[in-house]
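Input: one structure, supplied below.
The values are calculated or read from the model by the stated rules, or taken from the named source; none is laboratory data. As the structure is a computational prediction, the values presented were derived from the model and not from experiment. Virtual Cβ from ideal backbone geometry, glycine too; neighbours counted across all protein chains shown. Surface areas here come from the heavy atoms of the whole protein model, side chains and all, with no ligands, DNA or RNA. Shrake-Rupley method; radii C 1.70, N 1.55, O 1.52, S 1.80 Å.
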Amino acid sequence: VGVSESSHLLPTLPYVSRFSPVLVLFYFIFSTGDITQKGYEKKRAKLLAPYIIHTPRNSSSHAPPPSSSSRYRERRTRRTHRSGGTRDDRYRSDIHTEAVQAALAKHKEEKMALPMPTKRRSTYVQSPIETRTPPDSSSGSEDETAVRRQSSVVAPQPQVNPNLQSPESWVNHIVQGSSTSSSASSTLSQEAKPHYSTFVPLKHVDISLLSLTAHSENSAPPPDVTAVAPPARGPRVDLPSNAVVRGMSRGQSRSSMMETADGVPVSSRVSTKIQQLLNTLKRPKRPPLSDFFTDDAEEIVEVPQPDPNTPKPEGRQIIPVKGEPLGVVSNWPPALQAALARWGATQGKSPALTALDITGKPLYTLTYGKLWSRSVKLAYTLLNKLGTKNEQILKPGDRVALVYPNSDPGMFWVAFYGCLLAEVIPVPIEVPLSRKDAGISQVGFLLGSCGVGLALTSEICLKGLPKTPTGEILQFKGWPRMKWVITDSKYLTKPSKDWQPHIPTANTDPAYIEYKANKEGTVVGVAVSKVAMLTHCQSLTQACNYCEGETLVNVLDFKKDMGLWHGVLTAVMNRIHTISVPYAVMKACPLSWVQRVHIHKARVALVKCRDLHWAMMAHREQRDISLASLRMLIVADGANPWSVSSCDAFLNKFQSHGLKPEVICPCATSPEAMTVPPSQSGVPGAPLPARAILSMGGLSHGVIRVNTEDKNSALTVQDVGHVMPGALMCIVKPDGPPQLCKTDEIGEIIINSRAGGNMYYGLPGLTKNTFEVIPVNANGVPIGEIPFVRSGLLGFVGPGSLIFVVGKIEGLLMVSGRRHNADDLVATALAVEPVKTVYRGRIAVFSVTVFYDERVVIVAEQRPDASEEDSFQWMSRVLQAIDSIHQVGLYCLALVPANTLPKTPLGGIHISDTKQFFLEGNLHPCNILMCPHTCVTNLPKPRQKQPVGVGPASVMVGNLVAGKRIAQAAGRDLGLIEDQDLVRKHQYLTEALQWRAQTDPDHVLYILLNAKGVTVGTATCVQLHKRAEKIAAALTEKGSINTGENVVLLYPPGIDLIAAFYGCLYAGCVPVNVRPPHPQNLAATLPTVRMIIDVSKAACILTTQNLMRTLRSKEAAASVNVKTWPTIIDTDDLPRRRPPQIYKPPTAEMIAYLDFSVSTTGMLTGVKISHAAVSALCRSIKLQCELYSSRQIAICLDPYCGLGFVLWCLASVYSGHQSILIPPFELETSLSLWLSTLSQYRIRDTFCSYSVMELCTKGLGTQTDLLKARGVNLSCVRSCVVIAEERPRLALTHSFSKLFKDVGLSSRAVSTAFGSRVNLAICLQGTTGPDPCTVYVDMKSLRHDRVRLVERGAPQSLPLMESGKILPGVRVIIVNPETRGPLGDSHLGEIWVNSPHSASGYYTIYGEESLQADHFNTKLSFGDPHTLWARTGYLGFVKRTELLDASGDRHDALFVVGSLDETLELRGLRYHPIDIETSVSRAHRSIAESAVFTWTNLLVVVSELCGSEQDALDLVPLITNVVLEEHHLIVGVVVIVDPGVIPINSRGEKQRMHLRDSFLADQLDPIYVAYNM
């Protein structure tokens, strides 16, 4: 969370003034692998004993989160938070920790309240017990850093302190500075000239720095990192300083943004490419037109203004730096194999390699004689003995994989040299342990690109490989087919006397291929030629002064990099004795390499920082160790600037054991350029490495600035030596063309040397960009012909041509144009006291691209015993520390159970796989904190709506509005009724029914089916008439109902309902059809029934015996007052009576029935439907669907309101066709009921609801073969119409058509209808006319209330299907809801309708009488001022298509976009919830259904989780990402719930307002609630 900005968002964070100094150190042990518990606890305790201070515990409690639900609040915050001061082992402070503490202290003063996520208990997923290490009282990570820190204070080289900020961290700063005040900029400009004086040799610095540390620890309070951005942080490159733009301080603006919560961006940044694009376009901005909308990336992303105070490089252009010439030594061999041949012949007894067993004791020693003879045997076997007699499987130049475990260096050496002697190319790879190894398929890519078909391995290793049940070796994912060859001596053939390996002089053919994983995780092979291999050995020999016969201890991986170059290749060239210490030994006995140096009097040791830490932690165990024999201690991870502090700490600890300061040589390497500069030459008395203390702010902008003011964001780097002998080096810009940097600029180191990689094997395209780089000057002109190789290292050249490395390109995070280094962020996170939280310091940092910028993600493993509060507190503190020190906002911080992150072969975290897991939703975090509000600063400005008014531009000419055809459309004319006789009969439905009962009494109108498809009820015309008479008689007698009173019908779907309806009409009362309460869920359903009864002032209830019992039951009494029901008449067994007469309304304008419905926004609305509207609607449907008495239709939908009720109860009586009624609830027990009925009765026209269609799609989609076998055939279906009051659900209708195509369903059959409250049926796809058409609309334009049609497949496009043909007698027009003026074709507006079957008005919405006139009898503000229109409340547009309708005119299609009531207004734009929900449902396979609503202007997303609960937290980042990417909105709250929690009504519509109320009342029992900060 932005540190200095959002004052009310963060919790009160306890501040510990002295902080664990051992922290950053531990970063190293753990960044590369973990150490077992064994022996470690004791060592740790001893090591830390001197620093432990016991403090009394005090607790500070949390401010409550801003939540309207008190129960949530209690659940989240009653737990008091232990203050961070309760650590039982605190150490002396050091600079970086102090910086972190200072940043956190500032926050504490600001008293922030941060809502803690709500989590259901079961969601605490612990790591599986067998993989879990016993909980240790503190975590390695902290220890490691602790060692590192404390040493840096005590060490005689205190210059560590001021910079403990890693170079990466300065890189980070650069990348992310926050907008800075003007005072900052002035100081920046003064310090912009590079001060080289800071590159001072050690001796000068000592005193001044020591005094500085002392001062910072004792006298002054820690500096305030947050007030005005300190000058040393460069301001953000591209941000306007906020004060200027907004006229308010940054703090205010950010908090106000959160209060209004509509995400008003505070300041903006943009990717450089878009910036370049804008600079080239530079077109004048047109004035905002209210009807005009352009849409480019610049519309979407807020374009940042360059900040004038950004530090810029000011030096001259760099000149390539030359290394010393490569000396020529007379006895250097012509090829590396020749050196081996020579030692094998002349020094056969001399030891070449000693391997250790798991306890660290020597296991075997391979002499040069044995190494030579075995390698020759292997070479002979490979070339001559693999195939049958006459076929040769391997030829010189073929590639062969070497698969040997880390613990078996001897077999590897023999295999490697055997391949060199056979002139086949070895490709060493890791041993595959399982199908699920991190990056296993990428290794397959490497083997494929190198054309490897054969693998060499040892017998033991082969036995351990995973096998299939038949005993064959598994085919690993992505791997080519492999043949496996065992290279143990007993299987090798001794060559015949006359056979000698061919050893040519080194040439440019590849000698070996070293694998390398790039940032994305792709594994490529760097091919090294024979001459490059030889030259590199010569350069290393010269640079490191290797002498024949020396002893070297190697702790590094011998398959690649320095472990291979020094420990296998250069060692053999100089007849060195190598002692190989495998990783497994180091885990068991961390001091083993130091003991080996002592025992063998080794002159050189090859280690990583991790090994230094392990040795320090264990060093008390052996006091008599001497490291005096070492002349070089090569530290291989010198490219990580934090190695400086490790080296210092190690020297401090072991100087008393004879370790000389000049011995330590940090070294930076890369697989492509190999050793970039070597370490110092290891000559006694050589000068110590130079140090530079740089400003992280400057670094993040790519410039070198000495850190003067703000010691919190400083980084100390130390040189890694001079250029390699015989090489040429320069620094170029890391991205774009390879332009030479200026002297005070950070760039990528590129090298020209005979000793470097030649290519990525088999990948010529990639090779060109990396191995054949020709640097250019500022004008883009190449500076010469010589090709350079990119090293992947970032650095600069200091005084005296010393090379400084500040990080690797693969660890670079480019956020908003500033560079941050992942290692720096890890160091800062580790400085935030991870003891209680982070397991062994295992932290991964990477960036993901979301919404046009990189976003920083931190994932750490959580200790099994960490508490929720500790973890949450640690996470919130990391956010603040990183914001203060690096000025970069974190996007996401996740904690996963211990031991669950993918591991690299040596136990580190596999970053690219972790990132992949994060993006796929497979990380399974146990805690997550998202902070999009802070770091997403490039959101577009909120839209300012133009004032609406009817100006002269809107004057209408004929049928045009502002040059466009008016958007209106109409159905066919209802036409004059042919036969006057029919008019009389059909003016009222009651008359129609009586007429049918007389003229065609036995014609069956209705057939009701049960779940088995059996007919359980029928009604002929005369039966229906007689039942209606009985009910009418009962009403007048039992109910003593007067004409015109309202009667509630409470029936399950069926024929009783129809009879009761006509009974009411016969008796002259007004039926009100109500869905019966659900007997299993009375508490939720009965209140709605009660409400409709009360609102409609019903005089009587008609129902069945069962429902009557329910209404009066005890269960019902729990939710409503059952004593006050109106008269209840059960119509099951009525006596045969006839009413005295059948009522006939005096005019057709009288109310026929009331139609009540609950909208998705939770509004109950009843509309009045007149007799005239009923007959007009029935006639319209009859014409559209060509319904006659000979026709049969099937209806499977709820008959309670809208068009569903009309089709179920009214249409058959009017048109005389037969309706087969299928109650939808029967489908729950018999899914195929509806489809098999269609097939059995050969139905041509059927009507259903979306919920029915969804049931069939989900439940039967996979069973089409079964349906076929049962003889289901849908080829008879001509039209299948979905009845709904919403935008057509295209995805559902498409999948339904596709799935049931197999059983004969025509792709043209499925269509939709559209109705609303003011008019129950506006569109209905009939039997004639063109098929419904689909258009693609740009979603961004819809948000601006525009329609922009795009091609199918365009990004951000939304497919919309026409909602069926407009019914006869209906006219629609598209109107601007604000001006009430008509709109042009393809413009978005409200759909207004004029039709004889519109409802006559609302039946009292409480106190909303004014709505009546507004919604039902409205006139246009200009144009045609006389027609009365009804407003549907839906947005849509009309588009004239190329299709012709029945009359031969071009067809006007109506497209419904969504209900105005449901839309969300966010950032001045209009969003339809369904669009956001569609994106969310696509985000992860475990999301079943989702719903969105707003709460205090925050967007809340509720998602149902259909997977296991451990996936719950995976959904949070994915949902946040997809909504940001596709809708440019920041999600405020993500709620993960069980399936079925989102309420859905019978029409299949989501009840979002009910959901919102349940959420606020804390009734959802969520699995997880995440508050995005």
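Under a 5 Å amide H to amide H cut-off, with H placed in plane at 1.01 Å, what residues pair with TYR1006 once short-range neighbours are removed?
Sorted by chain and number, the residues that satisfy this are ALA1019, SER1219.
Please list 3J(HN,Hα) in residue order for the range 1252-1262, calculated via the Karplus relation 6.51 cos²θ - 1.76 cosθ + 1.60 where θ = phi - 60°; whole Hz, with x for glycine and proline.
5, 5, 5, 4, 5, 5, 6, x, 10, x, 8
How fast does the range 596-662 diffuse by Stokes-Einstein, in µm²/s, taking the Kirkwood radius from C-alpha pairs at 25 °C and 0.890 mPa s? It would help to have the intermediate numbers written out before the result.
Details: Rh = 12.1 Å.
Rounded to a whole number, D works out at 203 µm²/s.
Report the full-extension gain for the segment SER496 to ARG965: residue separation times 0.36 nm, less the Cα-Cα distance, to one decimal in nm. Spell out each step's value before the answer.
Working: separation 469, 0.36 × 469 = 168.84 nm, distance 9.54 nm.
Once the chain is fully extended between SER496 and ARG965, it gains 159.3 nm.
So how far apart, in nm, are the two label points at LEU1443 and ASP1331 if each is 7 Å from Cα heading toward Cβ?
With each label placed 7 Å out from Cα toward Cβ, I get 0.9 nm.
Now for a separate question. From the backbone phi of the range 751-763, what are the Karplus-calculated ³J(HN,Hα) couplings (6.51 cos²θ - 1.76 cosθ + 1.60, θ = phi - 60°) in whole Hz, Gly and Pro given as x?
9, 10, 6, 6, 9, x, x, 9, 5, 8, 4, x, 10
If you don't mind, there's one more thing I want to ask. Taking the Cβ-Cβ separation of ILE486 and CYS1506 as r and a Förster radius of 41 Å, what is the calculated FRET efficiency to the nearest 0.05? The partial results should precede the final answer.
Details: r = 48 Å, r/R0 = 1.18.
E between ILE486 and CYS1506, to the nearest 0.05, is 0.25.
Here's something else I'd like to know. Amide H of MET674: which non-local residues (sequence gap of 5 or more, or other chain) have their own amide H closer than 5 Å, using H built in the peptide plane?
Amide H neighbours of MET674, under 5 Å, 5+ apart: GLY757.
Which FRET efficiency value, to the nearest 0.05, do you get for ASP1132 and SER1307 by plugging their Cβ-Cβ distance into 1/(1 + (r/R0)^6) with R0 = 30 Å?
Numbers: r = 45 Å, r/R0 = 1.51.
Efficiency for this residue pair is about 0.10.
In straight Cα distance, which lysines are under 23 Å from LYS497, not counting same-chain residues fewer than 8 positions off?
LYS349, LYS370, LYS377, LYS385, LYS389, LYS395
Hey, rough spin-label estimate for ASN331 and ASN1497, points 7 angstrom out along Cα→Cβ, what's it come to in nanometres?
8.2 nm
Right, next: Measuring from label point to label point, each 7 Å out along Cα→Cβ, what is the ALA588 to ASP1094 span in nm?
7.9 nm
Rank-order 1094-1105, 1122-1133 by packing density, defined as the average count of other C-beta atoms within 10 Å over each peptide's residues, highest first. The partial results should precede the final answer.
Working: 1094-1105: 19.6, 1122-1133: 14.8.
Highest to lowest by the protection proxy: 1094-1105, 1122-1133.
Another question about this same structure. Under a 5 Å amide H to amide H cut-off, with H placed in plane at 1.01 Å, what residues pair with ILE1129 once short-range neighbours are removed?
Sorted by chain and number, the residues that satisfy this are ILE1101, LEU1102, THR1103.
Okay, moving on. Can you list, largest first and rounded to whole Å, the semi-axes you get for the range 485-621 by taking the square root of 5 times each eigenvalue of its Cα gyration tensor?
Details: eigenvalues 177, 80, 65 Å².
Ellipsoid half-lengths, sorted descending, are 30, 20, 18 Å.
Show me 1334-1340, 628-634 ranked by packing, highest mean number of other Cβ atoms within 10 Å first.
Values: 1334-1340: 19.4, 628-634: 22.0.
The packing order, highest mean first, is 628-634, 1334-1340.
Can you give the Kirkwood hydrodynamic radius for the range 1004-1094, in Å, rounded to one decimal and based on Cα pairs? Before the final figure, lay out each step's value.
Values: mean 1/r = 0.0697 Å⁻¹.
For the range 1004-1094, inverting the mean 1/r across all distinct Cα pairs yields 14.4 Å.
Too long at a 19 Å Cα-Cα cut-off: which of LYS322/LYS742; LYS519/LYS903; LYS494/LYS530; LYS516/LYS742; LYS106/LYS312?
On the way: LYS322/LYS742 17 Å; LYS519/LYS903 15 Å; LYS494/LYS530 26 Å; LYS516/LYS742 30 Å; LYS106/LYS312 30 Å.
Violating the 19 Å limit, Cα to Cα: LYS494/LYS530; LYS516/LYS742; LYS106/LYS312.
Along each of the three principal axes of the Cα atoms of the range 791-850, give the extent in whole Å, ordering the values from largest to smallest.
46, 31, 18
Run the accessible area of the range 849-951 with a 1.4 Å probe and give the carbon-and-sulfur part as a rounded percent. Walk me through the numbers on the way to the answer.
Details: 1350 of 2580 Å².
Taking all protein chains in place, the range 849-951 shows 52 percent carbon and sulfur surface.
Using θ = phi - 60° and the Karplus form 6.51 cos²θ - 1.76 cosθ + 1.60, what ³J(HN,Hα) does each residue of the range 1279-1289 get, whole Hz, x for Gly and Pro?
My calculation for the range 1279-1289 gives 9, 10, 9, 8, 8, 7, 10, 7, 4, x, 8 Hz in order.
Related question: Between LYS768 and SER1190, 0.36 nm times their residue separation minus their Cα-Cα distance comes to what? Don't skip to the end; give the middle numbers.
Working: separation 422, 0.36 × 422 = 151.92 nm, distance 7.73 nm.
Extra length from LYS768 to SER1190 when fully extended: 144.2 nm.
Further question on the same structure: Quote to one decimal, in nm, the extra length available between HIS1426 and ASN1121 on full extension: 0.36 nm per residue of separation minus the C-alpha distance between them. Don't skip to the end; give the middle numbers.
Working: separation 305, 0.36 × 305 = 109.80 nm, distance 4.87 nm.
Difference between extended and current length: 104.9 nm.
From Cα coordinates alone, what are the radius of gyration and Dmax values for the range 1449-1567 in angstrom?
Rg, Dmax (Cα atoms, Å): 15.1, 59.
Moving on to the next point. Report, to the nearest whole %, how much of the accessible area of the range 1459-1556 belongs to carbon and sulfur atoms, 1.4 Å probe, protein only. Please report the intermediate quantities before stating the final value.
Values: 1350 of 2690 Å².
The nonpolar share, carbon plus sulfur, comes to 50 percent.
For the range 679-828, go through all pairs of different Cα atoms, get the mean of 1/r, take its inverse, and jot down that Kirkwood value in Å. Display every interim value, and only then the final one.
Working: mean 1/r = 0.0604 Å⁻¹.
Hydrodynamic radius (Kirkwood, Cα pairs) of the range 679-828 is 16.6 Å.
Can I ask one more? Beta carbons within 10 angstrom, averaged per residue: use that to sort the peptides 902-915, 1362-1375, highest first. Before the final figure, lay out the partial values.
Working: 902-915: 19.9, 1362-1375: 25.6.
Ranking, from highest mean packing down: 1362-1375, 902-915.
Now for a different question. For a quick check of understanding: with a 1.4 angstrom probe and all protein chains in place, what accessible area in square angstrom does MET1573 have, to the nearest ten?
MET1573 exposes around 10 Å² with every protein chain in place.
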